[in-house]
Amino acid sequence: MVSWVSWPEACERFLQQIDVSPSTARTYREALKTFTRWWREQGSPPPPLTPETLKAYREWLRTHRAANTVLTYWVALRRFFQFAVAEGLAERNPVEGIKGLRRPRGHLKRDLTRTELRRLFEVIDRSTELGLRDYAMITLMVRNGLRIIEIHRANVGDLDTRQGRKILHIWGKGRDERDEFVVLAEPTERALLEYLSRRGEVPPEAPLFTKVGTHTEEGRLSTRHIRRRVTHYMKRAGVKTDRTSPHSLRHSFVTLAIEGGASLLEAQTAARHRSIQTTMIYFHEHGRLENPVEDRIEI
């Protein structure tokens, strides 16, 4: 079995040889880092990599990570051990035969109501560059359903005009280039223009969202920083709970689109869901709440 001494080298060889997108490679790297930290904390030296050890790690993941993250991290670990066996670094795959988690059928996090969203926007002080930046950032997440990774990757030059409408080219989740776009409604366009006007003249290759006072590539907001800022405002607005997170803003976008009359295909296109099954979850949940069969039970 892979020893603790050879583990870092084995992980690096795996990440260099696996044929996946750069985004997936980054996720796999984080998955292996997470397991490495956990394994190291189990003792000195760490326990043998047996199915029992991996089951213990799976249980730790269940309580420390979201279900979808657990699934991704488990796949990364399974593929790593398959690679290790194929390369002669391990005699067997300790993950083989261990059940992971089922992908949740619905959403573990809920969306925000219109009242909650209004409260969220109201607590942002737009008299400062920081406030203008965060307002524009959160507006994009609510009105266009941008993911945190898409906010992080956006550049000033990604703003464009087509057929008289302002759009933002998107480098989406799991993508290698900016091959999608969102249409900016007037409130979103205004929020972005106010923020960019405060920043002054910046080149097209500059990050769309940067640390205040640092408008270069080095000042690009990290995904962690973005998550912290959104969480900060959610707490101030009193809408942060165990069932809400920054990703709830994206959920809110899709739900509001459906409530506004968007068709299944329109919602899928706007949310940039690869699978229409993902979009159908929103329609299912919306329908269940709009016309619940429970209300028809008479006793």
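The values are calculated or read from the model by the stated rules, or taken from the named source; none is laboratory data. Computed from a predicted structure; not experimentally measured. Every residue, glycine as well, gets a Cβ built from its backbone with ideal geometry; the counts of neighbours run over all protein chains shown.
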Candidate set: the range 189-203, residues that are more than 25 Å from the chain's Cα centre (by Cα), free of Cβ contacts under 8 Å to residues at least 40 places away in the same chain and farther than 18 Å from Asp125 by Cβ; chosen: the one surrounded by the most Cβ atoms within 10 Å (Cβ to Cβ): Leu193
Tabulated pairs, the range 42-60, first over 16 Å from Asn93 (Cα atoms), second modelled with pLDDT under 85, C-beta under 6 angstrom, 6+ apart or interchain: Pro45/Trp4; Pro46/Trp4
Pair list, Cβ under 9 Å, 6 or more apart: the range 221-232 residue farther than 13 Å from His247 by Cα, other residue of a type outside the set (Val, Ile, Thr) and part of a helix (DSSP H, G or I): Leu221/Arg133; Leu221/Met137; Leu221/His152; Leu221/Arg229; Ser222/His152; His225/His152; His232/Asp134
Contacts under 7 angstrom Cβ, first residue in the range 263-279 being within 13 Å of Gly145 (Cα to Cα), partner modelled with pLDDT under 80, 6 or more apart: Ala267/Thr279; Ala267/Tyr282; Gln268/Ile276; Gln268/Thr279; Ala271/Thr279; Arg272/Gly172; His273/Thr279
Only one of Thr50, Thr34 that is assigned by TED's automatic domain parsing to the domain that holds Gln16 and more than 28 Å from Ser245 (Cβ to Cβ): Thr50
The range 246-281, residues that are at pLDDT below 85 and among the basic types (Lys, Arg): Arg272, Arg274
Candidate set: the range 130-165, residues that are small (Gly, Ala, Ser) and in a helix (DSSP H, G or I); chosen: the one nearest to the chain's Cα centre (by Cα): Ala136
Residue that is outside any helix (DSSP H, G or I), modelled with pLDDT under 85 and surrounded by 16 or more Cβ atoms within 10 Å (Cβ to Cβ), where the choices are Val70, Val20, Val95, Val5: Val95
Only listed residue being surrounded by 17 or more Cβ atoms within 10 Å (Cβ to Cβ), over 19 Å from Gln268 (Cβ atoms) and among the β-branched types (Val, Ile, Thr), chosen from Ile170, Ile124: Ile124
